[in-house]
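Engineer: Encoded as structure tokens, here's the structure I'll be asking about.
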Amino acid sequence: MTALKLDGRATAAAMKEDLAERVAKLKEQGITPGLGTVLVGADPASQSYVGAKIRDMEEVGINSLHRELPESATQEEVLDVINELNNNPECTGYIVQLPLPKQIDTDKVLEAIDPGKDADGLHPLNLGRLVANAGGEITWPLPCTPKGCLTLLRRYDIDTKGKTVLVIGRGITIGRPATLLFTRRDVNATVIAAHTGTTNMDELIGQADIIIAAAGNPGMVTKDKVKEGVVILDVGVSRETTDDGKTRIVGDVAKDVAEVASAMSPNPGGVGPMTRVELVANVVEIAELNAAKA
């Protein structure tokens, strides 16, 4: 068996075409969506990621409102930028790139974001809505990576109903919200949440129909642990140095798992592009909801 490739790059490209059409329709109504990006410090990975997000937005016709602060920025300076974007009518939604410098209280920053402009879907109110609503229409932004995982599965017609989904990782951006999203009635999976404190990890890996691996533990999911026909979404991100001194991204899933899996997302090139395109989708959806209310 050779696993079907769950191609995040191709799926994201197709989604961008649709999103560009939706943005064009909004502009016909006199509405131009705008994405704010807040970057504090000069972390190369964060700079690269924010730059990629801005390019994604510009490709579909969304305006960029970039705000950059030095590594030495104070809590008050960051909150001032948050307040400015909250009150800026040109800003449909925005993100604060994480991680923030150690002197900044990340929780306070996230809580200060207007929930209606929370393009990352990580405001406590929006996460609370995901907790409280097991069914019905979603009218608030969803966390981009779990949303991207679900979109990728649906694009390839992989059924989740009644399936056992193992989520490895309990981070706020992936693990915790993924367990909530995949238990919604329209998804209807049985979710097992595992993490670094799980003592029977190998047993759980062997039971899963679908695995979302987001622990940041290179190669932890191996061919001998999974059952034949498993569907794998490799979301883990670790960086390792090669023999020639270069740095490369590696995931949580060993490459030979593709020999027994029925479908598997590559890493990189799988869920990563989906996370970025779902950010675009969130901004467009916010703009469409706002237009409907006007």
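Engineer: Could you list, in sequence order, all residues of the range 92-106 that are open to solvent by 30 Å² or more (accessible area, probe 1.4 Å) and either over 22 Å from residue 45 (Cα atoms) or aliphatic (A, V, I, L, M) (or both)?
Structural biologist: Hit for the range 92-106 is 98, nothing else.
Engineer: Kindly check whether there is at least one residue in the range 169-179 that is in the same structural domain as residue 199 (by the TED database), under 12 Å from residue 235 (Cα atoms), within 16 Å of the chain's Cα centre (by Cα) and part of a helix (DSSP H, G or I).
Structural biologist: yes
Engineer: Looking only at residues in the range 35-60 that are open to solvent by less than 70 Å² (accessible area, probe 1.4 Å) and farther than 12 Å from residue 279 by Cβ, which one is modelled with the lowest pLDDT?
Structural biologist: Among them, the one singled out is 45.
Engineer: Would you check if there is a residue in the range 82-91 being closer than 17 Å to residue 35 by Cα, of a type in the set (D, E, K, R) and open to solvent by 40 Å² or more (accessible area, probe 1.4 Å)?
Structural biologist: yes
Engineer: Continuing with this model, one more query. Checking residue 162 against (1) in a loop (DSSP other than H, G, I, E, B); (2) open to solvent by 20 Å² or more (accessible area, probe 1.4 Å); (3) within 28 Å of residue 62 (Cα to Cα); (4) not aromatic (Phe, Trp, Tyr), which test does it fail?
Structural biologist: Of (1) in a loop (DSSP other than H, G, I, E, B); (2) open to solvent by 20 Å² or more (accessible area, probe 1.4 Å); (3) within 28 Å of residue 62 (Cα to Cα); (4) not aromatic (Phe, Trp, Tyr), only one is false for residue 162: (3).
Engineer: When both residues are 6+ apart or on different chains and their Cβ atoms are under 8 Å apart, which pairs have a first residue that lies in the range 142-153 and is under 17 Å from residue 9 (Cβ atoms), and a second that is open to solvent by less than 10 Å² (accessible area, probe 1.4 Å) and at pLDDT below 95?
Structural biologist: Every condition considered, no pair remains.
Engineer: Going by the conditions given, is residue 32 modelled with pLDDT under 95 and either part of a loop (DSSP other than H, G, I, E, B) or surrounded by 16 or more Cβ atoms within 10 Å (Cβ to Cβ) (or both)?
Structural biologist: no
Engineer: Which residues, taken from the range 107-120, are open to solvent by 20 Å² or more (accessible area, probe 1.4 Å) and either in a loop (DSSP other than H, G, I, E, B) or under 21 Å from residue 276 (Cα atoms) (or both)?
Structural biologist: Across the range 107-120, the qualifying residues are 110, 114, 115, 116, 117, 120.
Engineer: Could you identify the single residue in 243, 202 that is assigned to a helix (DSSP H, G or I) and out of contact with any helix residue (DSSP H, G or I) (no Cβ under 8 Å at 6 or more places or on another chain)?
Structural biologist: Only one candidate qualifies: 202.
Engineer: If you scan the range 164-183, which residues turn out to be among the small types (Gly, Ala, Ser) and either more than 10 Å from residue 213 (Cα to Cα) or without any contact (Cβ under 8 Å) to a residue 24 or more places away in the chain (or both)?
Structural biologist: Matches in the range 164-183: 171, 178.
The values are calculated or read from the model by the stated rules, or taken from the named source; none is laboratory data. Only a predicted model underlies this, so the values are computations on that prediction, with no experimental measurement involved. All Cβ positions, even for glycine, are placed from backbone atoms using ideal geometry, and neighbour counts span all protein chains on display. Heads up: the accessible areas ignore ligands, DNA and RNA and are worked out on the full protein's heavy atoms, side chains in. Shrake-Rupley method; radii C 1.70, N 1.55, O 1.52, S 1.80 Å.
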